[in-house]
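*Asks:* I'd like to ask some things about the structure below.
Values in this text are rule-based calculations from the coordinates and carry no lab data. None of the values given here were measured: they were computed from a predicted structure.
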Amino acid sequence: MSEKKEDVRFGKFGTVSFTRTTRVNDFIDYLENGKVMYTHCKTCGANFFPPRADCAGCLSSDMEWREVSGTGKLVSYSELQYAPVGFEKDVPYSIAMLDYGDYQVFGRLDKGLKLGDVKIGMMMTTVVNHLDNGQLNYIFKKA
Ligand SMILES: [Zn+2]
């Protein structure tokens, strides 16, 4: 059936995106420990989310992991009706951007939030979320 086919594709999608670089594996390890991380360039001070192995600003590889902690301000969000291959069952969901001052984090809003309660400028936290299928992601919750 078509549903079985989708599951196979999802497996491949996960394998490709999660094993390509050790940086991504580190990010997953941190998620398993309940932490959402970004990388900070020790040479020029730039911050990157999603994490990068090399600085886009000064090309340094002297990067360190830092935890996304505290609250960020919601700067934008939008509800998606269509999702990338492998995520069809998740829609509709809302993607959003939080401004933490020194860096911005892009992700999903907590599905438990009603869109009517979501306001630009509200303070939110980034938390690790355990999915029913055993995988992990992170979501934004009301602070
Ligand atoms: Zn740099």
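*Asks:* Near K141, which aspartates and glutamates are there with a Cα under 20 Å away, not counting those fewer than 8 places off in the same chain?
*Replies:* Within the straight-line limit of under 20 Å, K141 reaches these aspartates and glutamates: E32, E67, E79, D90, D99, D102, D110, D117, D132.
*Asks:* Can you give the relative contact order of region 63-143 as a percent, counting alpha carbon pairs under 8 Å and 6+ residues apart?
*Replies:* Over region 63-143, the number comes to 29 percent.
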